[in-house]
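A quick write-up on the structure given underneath.
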Amino acid sequence: MPSYYWNVKIFDDMATKDLFSKFRLGYIFLWLFAVSCQFEVTDNKHVIINTLMRHAQMIKAEQVEYGILLEIRSPYTNEVSHYLLQDSITQVPDDFTKFQKIKTPLKGLIALSSTQWTPLLKIGKEHLILGISESGFVYDSVMKELLAKGSVLDVMKNGILDFEKTISLQPELILYSPGLEVSIDQLKRTGLPLFMWPDYLENSPLGRAEWLRVIGWLTGEEAVTEAWFDHIENEYFKLKSLISDTMPKATIMSDKAFNEQWYVPGGKSYLATIFKDAGADYIWKGNNITGSVALDLETIISQASEADFWFVTHFTDAPYSYEDLKNENEIYAGFKAFRNRKIIFCNTFRTAYFETSQFQPHVVLADFIAILHPHLLPEHKPVYHQLLKEEIHDE
Amino acid sequence: MEMLKLHHLQIGYKAQGKPKEVRVLTPPINAFVNKGEMVALSGPNGAGKSTLFRTIAGMQPALDGNIEIAGKTLSSLNLHQLSRMLSIVFTDRITDAYLTVFDLVSAGRYPYINQWMQLSKLDRQIIFESMEMAGIKQFASRLFKSLSDGEKQKVLIAKALAQDTPLILLDEPSAFLDYPSKLNLLKLLKQLCVDTQKTILLSSHDLDMILKHVDTLWLMAPQMPLVSGTPKQLVENKTIDQYFGLAFEENV
Amino acid sequence: MTNKRLVSVFLLIGLGIIILMMANIFWGSVLIDPQTVIQILFFNDEGLTGESLIIWDYRIPQLLVAVFAGAGLAVAGLLLQTLFRNPLADPSILGISSGASLGVALLLFFSGSFAGTVISSLGWIGSLGISLAAMAGAVAVLFVLMAASSRVNHIVSLLIIGIMIAYLAGALTGLLRFYSRKEDIQAFVIWGMGTFSGVSRMQIPYFVSAISVGLIFSIYLSKSLNMLLLGERYAENLGLNTHLITRLIILLAGYLTAVITAYAGPIAFIGLAVPHIARNLFKTSNHLVLIPASIGTGIILALVCNLIARLPGFEGSLPINAVTSLIGAPFVIAVILRQHKSNSIVS
């Protein structure tokens, strides 16, 4: 178990991180520390040339003699998958049998999540995308065009897989998120090679973004993706360093009622990390939960109604205002952040939030810093998040 | 020959879960019905007529005593044996939309036929004879639900005839009928007794009607012993007045 | 109905089933030309791995599930309508489907929110786990019903108990939803939409034989069912052990519903609509005819619904539940209106 997390802990340190970012795939680099480690997934010992992930925790990647070994796990389903990426067919020892072998670069794949196909589009590999899911929610104009042309098919709607289309596309790999067991079961029935992609379960912004590196390995475009991620990482750390421990920190709360329950991000979640890195004091930072916590309205009022800021996302194609928020629930109007007009808002319909924000954690962070500490980034133009605008005059 | 014999029969209810608490409706009953006889059971409401009927039909256990049908103790008969000994016409409504008269009458043959319900020549003959006797042969292919109440009652009697049991019980057969139909029905039942030597026991409130047609009258009243006699006897010795109470006496 | 007409209606239904089965095999969201389909079906499928997979692993299993689910639900509905002598009785009315839903809700929601690691480490996630949970829920309700049936004297009381169980299970499911994660709710919603394509090729033999056993057994109940049409008391007077038969019927209808719900989710309306259509088509109350008639009509309805769900544009994602209700409801209304009309002419 501990071996699973060690890479993250170490790379938290900035200095070492810089050192590591110099390592690239293809460099044969014997490195003291790595040699001393053994890949614990198999019983046999392999010479590990390089350990590859720096932030992501759901995936462990090792450069070995035969290719790249991946161990991907989903705490959601307790599933662990093992993959071996190889750019040329080489004979591998018997103990690699439990690894699903994937010949790279791939020539065609199905990417069920937008966080899989977005980086493919960005690195100009859209011709590899054979199918996606839930096309009704696509924001990206390039993807919309590909769908309209028919060069990309929608193979899953409302969580239900179109078995026939999926089979007929004959993808070399299907990238899937381990969230919906029902859908996964349908996928398994196709008999096609699957690749688990639990990126959304990463609870650090850089961890989520780091999954784009896997796209690089799968497509043989690692030079591009490694540079891309280095840039993201650099930018993020630069912004994070603007915030010092001693700065005054405004309190922030998050989310609104859904089915009369509030699902607020846990203290160790992705958003909680963003809040912290942006120099805010998150109301529920204290708990150890990485997912979300369900709270009722009374708890919310007693714990959070006096928070300085309030982070709200909403999915709508109409303008959204304080008035709309109040119409959803009168009680919202009594919150301090509402009274002071300090609601940080993201319309997930009108922005490519779900598709691209994952690969721009530095932009997300900058959005928040610009709102929470305007003097630090006076020139910043908001991309995803901004203070909710007053579109209807006050009463 | 005694077709039905009630010996020291006690009817009533046991409290559920408390077998010692019983509600006995009448004093012990001793009575019998001869073969080919038509007996009417009458009495005011709450006398226990329905309970007695259910007990004789084997649908409710007797508290004490025993019932003999054609010399066999009721409790020793299983459901299948009983179904060939005694047929009943209930007041229950049959509402199925596609049941024809023939279907219903042929149901009387179920105790005799196998799982696949193939009717033999004999079965068919019995069914048609039963319909003929009940005077409904012309309705054979009609839907049961499309008949009048009087016709329906006759169909059910034909069904009981097709069941070919020595004893036929009819629970309030005249309850929903108009006057001519009632008369018609009782004449038919009497005729059947004579022609087929069937034994008929029926319950009824229509005293004036049954007095004219039945051989024997059984009277019941709450907490009074069951008395049996010819209608003439029971009228003359004023037992009827006694069992039906003053209100009835004035009407007579 | 004369024997001649009986035979011709059955032949017509048989023909309809064959045509619909062909349509279901030849037509799908991916176009495979008929020659290839025939090649795959009857000759070798060398070099046609994709198409062969679509036909053998998807279209044919889906077709078989539709056929047997349609037949099973129709018979379950007929059994219950006769038992309760109530035209509104169907497999969902006794709370059996609701019990299955509760079982699935418990699995999905508890595995997510509370005992996640425990349940999922047992490998109880995925369709097999869901099937087992649905089965467990349905069987639990069945158990309660059987216990109740020995304690109540009237069939109507039993019906009311069944309806109350349905409400109870529904309420508990609602309560569970309230405390659940969005992903789990979505999984539950997807399950609730029903599907004929949830059974893999490997599981098909089990499903088909489980339903077949139930269907054959139901035909053996024909005579008892005919007697029950006259009411419990007449049935008993004709030599039927009504207590035993009541339990057998509930057990059989419950078994069919449980198996189908486990594999295909809660499929609405077939159980309610088909017996009405079958009765009206054959104008009979004889279960020896009605049971095969319901089986045939159920198969037709299920196959038609399956085809509609696969219409271009829906791409197989149209919930089968919506389609069955959409097709079934107008049918039942038409049947009832026609019946009403013929009634008033006679009387």
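Note on chain B: Cα Rg divided by 2.2 N^0.38 Å, N the number of residues, gives 1.03. Shielding by partners for peptide A:187-200, expressed as the average number of C-beta atoms from other protein chains within 10 Å of each residue's C-beta, is 2. Based on DSSP, what percent of beta bridges with both residues in the protein assembly as shown are antiparallel, to the nearest 5? The answer is about 50 percent antiparallel. Note on chain B: GNM, Cα springs under 10 Å; of B:THR26, B:THR95, B:THR199, the largest mean-square fluctuation is that of B:THR95. Dividing the mean sequence gap of close Cα pairs (under 8 Å, 6+ apart) by how many residues chain C holds gives a relative contact order of 30 percent.
Per-residue packing, averaged as other Cβ atoms within 10 Å, sorts the ranges A:185-197, A:362-374 into the order A:362-374, A:185-197, beginning with the highest. With helices as the sole contributors, chain B gives -10500 deg cm²/dmol at 222 nm; each DSSP H run of n ≥ 4 counts as -39500 (n - 2.57), and the sum is divided by every residue.
Answer rounded, prolate or oblate for the range A:244-387, using the Cα gyration tensor with square roots of eigenvalues a ≥ b ≥ c: rounded when a/c is under 1.5, else prolate when a/b is larger than b/c, else oblate. Rounded, since a/c falls under 1.5. Per-residue shielding of B:91-97, expressed as the average number of other chain Cβ atoms within 10 Å of the residue Cβ, stands at 5. With the highest mean first, a sort of the peptides A:320-326, C:184-190 on other beta-carbon atoms found within 10 angstrom per residue produces C:184-190, A:320-326. Taking each DSSP H run with n ≥ 4 as -39500 (n - 2.57) and averaging over every residue of chain A yields -9000 deg cm²/dmol at 222 nm. Computed from the C-beta positions of C:PHE42 and C:LEU15 and an R0 of 22 Å, the FRET efficiency is 0.60 to the nearest 0.05. Annotation: the antiparallel percentage among DSSP beta bridges lying fully within chain A is about 50. Backbone N atoms of the range A:316-345 closer than 14 Å to the 7 Å Cα→Cβ label point of A:LYS144 belong to residues A:317.
Among A:ARG73, C:ARG5, a tally of other beta-carbon atoms within 10 Å of each Cβ gives an order, fewest to most, of C:ARG5, A:ARG73.
For the range A:244-387, the residue among A:THR299, A:GLN360, A:CYS346 whose Cα projects farthest onto the positive side of the dipole built from Cβ charges is A:GLN360.
Converting the Cα gyration tensor eigenvalues of the range B:37-184 into ellipsoid dimensions via √(5λ) gives semi-axes, longest first, of 26, 21, 13 Å. In this structure, B:THR91 and B:SER146 have a Cβ-Cβ separation that, at R0 = 25 Å, corresponds to a calculated FRET efficiency of about 0.80.
Note on the range B:65-104 and the range A:110-174: Cα centroid distance 70 Å, given to the nearest whole angstrom.
Dividing the helix sum by the residues of chain C, where each DSSP H run of 4 or more adds -39500 (n - 2.57), gives a mean residue ellipticity at 222 nm of -24500 deg cm²/dmol. With each label modelled as a point 7 angstrom along the Cα→C-beta vector, the A:ILE301-A:ALA333 pair spans 1.5 nm.
Work out which helices of chain C, taken as complete DSSP H runs, extend at least 27 Å along their axis over the Cα atoms and score a mean Kyte-Doolittle of -0.5 or more, then list them. Once both thresholds are applied, what remains is C:3-26, C:60-83, C:127-149, C:155-178, C:242-264, C:287-309, C:320-346.
Helix B:239-251 and the longest principal axis of the Cα set of chain B meet at an angle near 90°. For the residues of C:218-226, the average number of beta carbons from a partner chain within 10 Å of their own beta carbon is 3. For the range C:3-346, the normalised intensity computed at q = 0.15 Å⁻¹ comes to -1.29 (log10 of I(q)/I(0), Debye sum over alpha carbons, equal scatterers, no solvent). A simple count of charges around B:ASN184, restricted to other residues whose Cβ falls under 15 Å of its Cβ and scoring Lys, Arg +1 and Asp, Glu -1, yields +2. Once Rg and the Kirkwood radius are both taken over the C-alpha atoms of the range B:20-104, their ratio Rg/Rh works out to 1.00. The charge dipole of the protein assembly as shown, taken about the Cα centre with unit charges on the Cβ atoms of Lys, Arg (+1) and Asp, Glu (-1), comes to about 3340 debye, rounded to the nearest 20.
Expressed in Å, the radius of gyration and Dmax of the Cα atoms of the range C:1-109 are 19.6, 56. With the convex hull constructed from alpha-carbon coordinates only, the range B:69-110 shows a mean projected area of 3.9 nm² over all directions.
The charge dipole of chain A, taken about the Cα centre with unit charges on the Cβ atoms of Lys, Arg (+1) and Asp, Glu (-1), comes to about 680 debye, rounded to the nearest 20. Restricting the calculation to Cα atoms, chain A yields a radius of gyration followed by a Dmax of 22.2, 75 Å. Computed over the protein assembly as shown, the Cα gyration tensor eigenvalues convert (square root of 5λ each) into semi-axes of 76, 33, 24 Å, ordered from largest to smallest. The ranking of C:TYR167, C:TYR263 by Cβ neighbour count inside 10 Å, starting from the fewest, reads C:TYR167, C:TYR263.
With both labels modelled 7 Å from their Cα along Cα-to-Cβ, the C:LYS4 to C:PHE178 distance reads 6.5 nm. If R0 is 41 Å, the Cβ-Cβ spacing of B:SER76 and B:ASN45 corresponds to a FRET efficiency of close to 0.80. Ordering B:39-49, C:29-39, C:240-250 by mean Cβ neighbour count within 10 Å, with the highest value first, yields B:39-49, C:240-250, C:29-39.
Rounded, prolate or oblate, given the Cα gyration tensor of the range B:122-183, with a/c below 1.5 counting as rounded? Oblate, because a/c is 1.5 or more while a/b does not exceed b/c.
Each value in this text was obtained by applying a stated rule to the coordinates, not by laboratory testing. From a predicted model like this one, the values you see are computed outputs, not experimental measurements. Counting neighbours? That spans all protein chains shown, and the Cβs are built from the backbone with ideal geometry, glycine included.
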